[in-house]
Structures are given as structure tokens and as C-alpha cells.
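The values are calculated or read from the model by the stated rules, or taken from the named source; none is laboratory data. Please read these numbers as outputs of a predicted model, since none were measured by experiment. Because the Cβ atoms are built from the backbone with ideal geometry, glycine has one as well, and the counts that use them run over all protein chains shown. With ligands, DNA and RNA removed, areas are computed over all heavy atoms of the protein, side chains included. Shrake-Rupley method; radii C 1.70, N 1.55, O 1.52, S 1.80 Å.
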Amino acid sequence: MTISDRVRVKNISVLSDRRYRLDEVEFDYRRGNGEWQTQKREVFDRGHAATLLPYNLANRTVVLARQFRLPPYLAGHDDLMIEAAAGMLDDETPEKRIRAEAEEEIGYRLHDVRKVFEAFMSPGSVTEKIHFFVAEYDAAMRIGDGGGLAEEGEDIEVLELPIEQALVMISDGRIVDAKTIMLLQYAALNIFK
């Protein structure tokens, strides 16, 4: 299916082009009733990303990261974020990028990473598509402490949690990151059955 016959981009104005790009896009959209409507939207283009949930089926555990995130803090979240390891693709394949992020952020060199789905996280304003992966891990795959890259401002604490505890942390509000919630729910439905 294509909707290209329903969209006519009229103008793109760059509002910011620093590390990422913010555009104002004026376009015509043909509504379901056939009428054309002119709209304007701000669109944030930060590239695409990958995220990963390592799991240990025998021990019923998962590995997550805890770190400071400025945007949630500014939005009133007065705690560190608990998240699945993730990173921007930076012109790399999703699988190669997520393997590198796993080593940098959580200290694991994983063997078999498996893509389970991809999703747009905020399609009303952000172009970013996230590639979601899972991978089984064991203690022998631990090659370092993780913690991220200090030169990128990362200060990551690695958490190994029972899957049941991680799921409770969604319910009680300690885990509020969408990509992490999606991966934990995927694991509960498809891995830790």
C-alpha cells in the first residue's frame, strides 16, 4: 500500500540543524473524504536506532541499564531511567550497532542477537524507527563492566533483574521507557512463557 498520491510536500523549512535536524514541513494531505487540507508539522529527524533485551532463560533474568536522561527529568521524572541497552545507528546496520552498544553499555559480547520487530516510537513528530532485538546471555559473555562511553556523557549502571521483578517495575512506575516496556512485554509473552 502506498499513500504517496495523498501527500504533496509544499515546503520544508529548517528550524535547527545541529546534531539532529528539526524541520517545519508544510504539506497538502488528501483526507479520507477526498478533500485536500493544508497542514504544517514540526518534524524531528534524529536517525534510526536499535535496542536490545538480553535474557537468561535458565535463571529467568534480563539485563537493563540505569542512567540519567535529561528530557524525562525536564518533564518531571525525578529519577534515573531504567532502560534496555540502545543506540543510534550512525550509518551502521542495526545488528552491528546493537552488538557494539551491548558491549559499551552493559559489558556483554552477545553471540546470537535476534531481531523481533521494528517500530516508530513517536510518529506524530519524530522520524526515528527503532529496531528491537533480543539475545540470550550467560556469565561467560561478560567482557567488561559496561557503563557506556564517558566522552558521550554516559554513566550507566548495569542491572540484572528477574523478569518478574522487571515486569512489576513497569506496573509500579520504576520502568517508564517505552522501548523497554515493549521488550519486556515481548519477553513475557514469547520467551518466559
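What to note about this one:
- Full extension of the chain segment joining residue 24 with residue 74 gains 15.6 nm, where the gain is 0.36 nm per residue of separation less the Cα-Cα distance.
- The spacing between region 81-146 and region 53-68, judged by their C-alpha centroids, is 12 Å.
- To put it simply, the accessible area of the chain at a 1.4 Å probe is 48 percent carbon and sulfur.
- Under a Gaussian network description of the chain, with springs only between Cα atoms under 10 Å, the residue in 50, 119, 102 that fluctuates furthest is 119.
- Summed over qualifying helices (DSSP H, 4 residues or more, each -39500 (n - 2.57)) and divided by its residue number, the chain shows a 222 nm mean residue ellipticity of -5000 deg cm²/dmol.
- The charge dipole of the chain, taken about its Cα centre with unit charges on the Cβ of Lys, Arg, Asp and Glu (plus for the first two, minus for the last two), comes to roughly 840 debye.
- Summed side-chain charge close to residue 79 - residues other than residue 79 whose Cβ falls under 13 Å, Lys, Arg +1, Asp, Glu -1: -2
- Accessible area expressed per residue, the chain, with surrounding protein chains retained (probe 1.4 Å, Å²): 58
- Cα-based Kirkwood hydrodynamic radius, the chain, one decimal, Å: 18.4
- Taking a Cβ cut-off of under 15 Å around residue 99, the surrounding Lys, Arg, Asp and Glu residues balance to a net charge of -3, with basic ones at +1 and acidic ones at -1.
- Charge sum, other residues only, whose C-beta stays under 10 Å from residue 21's C-beta, Lys/Arg counted +1 and Asp/Glu -1: 0
- Cα gyration tensor shape for region 88-159, rounded if a/c is under 1.5, else prolate or oblate: oblate
- If the chain linking residue 151 and residue 59 were pulled fully straight, counting 0.36 nm for each residue of separation and taking away their Cα-Cα distance, it would gain 29.7 nm.
- Furthest towards positive pole of dipole, 140, 121, 62, structure part the chain, Cβ charges: 121
- Efficiency of FRET from Cβ geometry, residue 31 and residue 92, R₀ 35 Å, rounded to 0.05: 0.35
- The calculated FRET efficiency for the pair residue 45 and residue 185, based on their C-beta separation and a Förster distance of 22 Å, comes to about 0.20.
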